[in-house]
1. Which one of these does B:Gly262 not meet: (1) in a strand (DSSP E or B); (2) surrounded by fewer than 21 Cβ atoms within 10 Å (Cβ to Cβ); (3) modelled with pLDDT of 95 or more?
2. Of the residues in the range B:76-92, how many are under 27 Å from the mean Cα position of the chain (by Cα) and open to solvent by less than 40 Å² (accessible area, probe 1.4 Å)?
3. Determine whether B:Ser388 is part of a strand (DSSP E or B) and closer than 24 Å to B:Pro41 by Cα.
4. If you check A:Ala226, A:Ala173, which single one turns out to be within 14 Å of chain B (Cβ to nearest Cβ) and surrounded by fewer than 23 Cβ atoms within 10 Å (Cβ to Cβ)?
5. If you go through the range B:212-225 one residue at a time, do you hit one that is out of contact with any helix residue (DSSP H, G or I) (no Cβ under 6 Å at 6 or more places or on another chain) and within 14 Å of another protein chain (Cβ to nearest Cβ)?
6. Just give me the residues in the range B:32-70 being outside any loop (DSSP other than H, G, I, E, B) and under 14 Å from the mean Cα position of the chain (by Cα), in sequence order.
7. Can you confirm whether the range A:205-219 contains a residue that is over 28 Å from A:Thr158 (Cα atoms) and touching a strand residue (DSSP E or B) at 6+ places or on another chain (Cβ under 8 Å)?
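The values are calculated or read from the model by the stated rules, or taken from the named source; none is laboratory data. These numbers were taken from a predicted model, which means no experiment stands behind them. Because the Cβ atoms are built from the backbone with ideal geometry, glycine has one as well, and the counts that use them run over all protein chains shown. To get the accessible areas, we keep the full protein, side chains included, count just its heavy atoms, and leave off ligands, DNA and RNA. Shrake-Rupley method; radii C 1.70, N 1.55, O 1.52, S 1.80 Å.
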Amino acid sequence: MSALTRPSSSAAHPSLWFGAAMTAIVVLIALVSLVWTPQDPTAMEMTQRLQGPSALHWLGTDRFGRDVLSMAMAGAAISLQVSFVAIAFGMALGVPLGLFAAMRGGVLDEAAMRMSDLIFAFPALLTAIMLRELFGPGALNAMIAIGIFNVPVFARVTYGAALSLRTRDFVTASRLAGKSETLIALDHILPNVLPLLIVQATIQLSLGILAEAALSYMGLGVQPPAPSWGRMLNDAQTLMAVAPRLALVPGLCIVFTVLGLNLLGDGLRDKLDPRLRRRQA
Amino acid sequence: MIRLLTKACLALVLVTASVAMAPLSAAPRTDLNVGMRLEPPHLDPTAGAAAAIGEIVYANLFEGLTRMAADGAIKPGLAESWTVSPDGKVYTFTLRKGVTFHDGTPFDAAVAKFALDRARASDSVNPQKGLFEPIEAVEVIDPATLKVTLKRPTGAFLFNLAWPAAVMVAPQSAADNKTKPIGTGPFKLDRWAKGSQVDLVRHPNYWGAKPALNKISFKIIGDPTAAYAAMMAGDVDAYPIFPANENIPQFQADKRFTVKIGNTEGKTIVAINNARTPFDDIRVRRALAHGIDRKAVIDGATMGLGKPIGSHYAPQDAGYVDLTGQYPYDPEKAKALLKEAGVSNLKVKLILPPPDYARRSGEIIAAQLKKIGVEAELVPVEWAQWLSDVFRGKNYDLTIISHVEPMDLDIYARDDYYFNYANADYKALYAELAATSDPEKRKALIEKAQRKLTDDSVNVFMFLLPKTGVWNAKLEGLWENAPLPVNDFTAVRWRD
């Protein structure tokens with residue numbers, strides 16, 4: 001994928017700007033939905049069931065007469081929220097883990113990384129189902145499930161980069177100057193890993209959006225009445241012949257958001273990834 | 001060249017196949033794939049209340065002394081005839097001869113006595129013990145004659161004997177019927193693949209007319225989308241009750257399918273835990289009734305196909321009285337009632353079993369309750385969990401469920417039922433009803449019982465579950481209505 005979208009020169013990053021613009025639109029809509037939506041996204045009006053687009057309901061209404069546009073807007077907020085918290089959770093645990101393993105080396109390093117492999121091999125969906133059995137379905141469990149899945153991702157990125165940085169001259173120099181390993185990690189390694197992490201986080205956010213949609217589609221994510229794209233898709237399924245629009249709207253929302261984040265991630269990588277930067281220079 | 005050869009081979013195979021298939025396709029099919037929304041917890045109708053049990057085994061695998069026909073009429077079953085004494089208290093049944101269970105055990109009056117005594121014993125786990133309560137004594141006159149003496153004349157006695165819970169079971173096999181059901185019916189259990197399907201095959205030594213079908217597979221597919229796909233792909237031939245009403249117009253427009261919208265006895269209610277604060281306060285229960293817009297629930301959850309009910313009684317049954325107007329939708333009144341009861345910021349859990357009607361009604365009802373200041377958290381649960389937590393454990397605030405047994409006013413008089421209603425007046429009223437045999441007086445009492453349940457707002461009575469039957473247009477003999485929650489497939493056959 002990256003080979004297709006990577007620009008030939010480092011000066012132009014069309015995918016970066018496209019991605020940033022698309023993401024900004026989604027974030028803006030999500031923020032707006034927190035304070036205003038055209039209608040109350042949870043308000044049902046049975047006499048207005050399954051209406052087509054109109055001046056009152058720009059994207060029509062669903063089976064319970066709820067305003068689809070308002071639901072899609074509120075769904076954006078929930079999707080981003082779940083995904084963002086989950087990725088933050090994954091970074092908060094994964095980055096220190098990767099740093100620690102890279103700096104310490106030895107048995108603990110092995111143990112930590114094998115442990116993260118183990119989690120990595122465990123699909124987020126299974127984790128979510130397990131959490132549901134333990135605590136019941138809900139947004140928080142979706143966040144935790146997606147978050148756990150992200151821990152090894154960030155641990156690996158950090159670990160790989162930190163490992164190669166650890167033997168570089170400037171690190172050896174600070175070590176000779178008597179700096180503690182912790183300070184070296186924070187002052188020298190982390191800032192150099194950061195661009196990689198930002199790129200990775202953007203990609204993970206888009207995967208998080210997809211995972212959140214999949215979980216709510218299966219009824220494991222946010223619970224009604226809170227609207228979510230995944231559940232809108234599920235609800236629309238039996239109505240495909242009557243009102244395909246009900247599936248199209250959340251479907252396009254997911255595609256738009258995920259595409260935007262992916263383009264942004266790609267563009268950011270071209271700009272920030274030191275390895276690519278060097279090669280292009 | 002190779003492609004040409006492949007094409008030629010393919011054509012040859014197709015031609016051969018169609019020639020080989022030709023004689024087969026002339027004979028009508030003898031297998032039937034039935035779609036079911038819920039999986040039964042086990043297969044013993046004398047030991048479990050889940051309707052899914054009877055929906056598989058009744059008439060197909062197990063038979064009773066009497067049986068119910070598609071129109072609700074009571075027909076001879078394992079009793080070929082009977083006489084009733086002039087005082088209405090003694091029933092003498094002449095049993096069919098030459099009837100054997102699937103394991104070869106002969107059926108006779110001694111077995112029938114065992115089955116009835118087992119069902120009415122004090123330690124019986126029969127889900128409908130009340131059906132057998134009028135029985136005073138069961139006697140074997142000779143192997144083909146059974147005498148049942150009642151405590152009082154009971155007009156519904158032959159009807160009671162036709163219920164799934166009253167089927168005949170043999171002493172040797174009764175204990176294992178949950179997993180290895182042994183009945184006298186034309187079909188026996190072939191296999192039960194837990195979580196996916198139950199297969200019945202024809203019992204070769206059946207006493208009666210040989211059914212047209214050789215094999216019935218009950219496939220458990222509750223997800224509406226999967227159900228629709230299964231019907232369209234022909235993986236399922238018939239859904240006695242299709243899970244999603246919004247697909248009905250599509251089936252109606254498709255010549256491959258027959259669609260019959262009939263009645264069930266399924267009184268769909270918001271069950272209230274009457275023992276739990278604040279629902280022990282009648283004002284709170286009435287507030288719920290005023291706070292739920294029945295019409296909106298019916299429109300949104302059943303696509304308008306459900307019939308409104310105002311009490312725990314189906315409109316097509318004798319003695320029905322329309323009480324749907326007693327608690328008109330009135331959020332203001334509901335709020336006032338809650339305030340009067342001193343309840344504010346009420347947070348409840350609304351437990352939703354898997355069927356579509358429950359999950360969708362739940363979403364609508366939660367939104368409606370929010371308007372009267374009641375925060376209902378939706379808790380979707382699996383069927384087995386619902387049965388154990390709510391039905392047996394009585395651990396719930398509110399739940400949505402359809403009670404599919406006909407005229408089951410008795411459940412409100414039970415001591416240990418999950419509504420926790422425990423009302424002495426109602427118990428007395430029901431006891432009087434049970435002891436009354438005069439049809440006119442019974443009707444009056446049935447009316448009174450309905451009114452009492454509505455007055456007390458024991459549960460929120462919503463709608464009668466529609467029987468949205470969808471099946472292959474080449475099938476004949478399926479029931480249009482469901483006077484009992486059963487699927488009698490003994491007369492079902494494929495047209496040529």
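1. Of the numbered conditions (1) in a strand (DSSP E or B); (2) surrounded by fewer than 21 Cβ atoms within 10 Å (Cβ to Cβ); (3) modelled with pLDDT of 95 or more, the odd one out for B:Gly262 is (3).
2. 3
3. For B:Ser388, the condition - part of a strand (DSSP E or B) and closer than 24 Å to B:Pro41 by Cα - is not met.
4. The conditions single out A:Ala226.
5. yes
6. B:Met36, B:Ala51, B:Ala52, B:Ile53, B:Gly54, B:Glu55, B:Ile56, B:Val57, B:Tyr58, B:Met68
7. yes
Here's the yes/no breakdown for (1) more than 14 Å from chain B (Cβ to nearest Cβ); (2) of a type in the set (S, T, N, Q); (3) open to solvent by 20 Å² or more (accessible area, probe 1.4 Å); (4) in contact with a helix residue (DSSP H, G or I) (Cβ under 9 Å, 6 or more places away or on another chain):
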residue: A:His57; (1), (2), (3), (4): yes, no, no, yes
residue: A:Phe64; (1), (2), (3), (4): no, no, no, yes
residue: A:Met71; (1), (2), (3), (4): no, no, no, yes
residue: A:Phe100; (1), (2), (3), (4): yes, no, yes, yes
residue: A:Gly106; (1), (2), (3), (4): yes, no, yes, no
residue: A:Asp109; (1), (2), (3), (4): yes, no, no, yes
residue: A:Ser116; (1), (2), (3), (4): yes, yes, no, yes
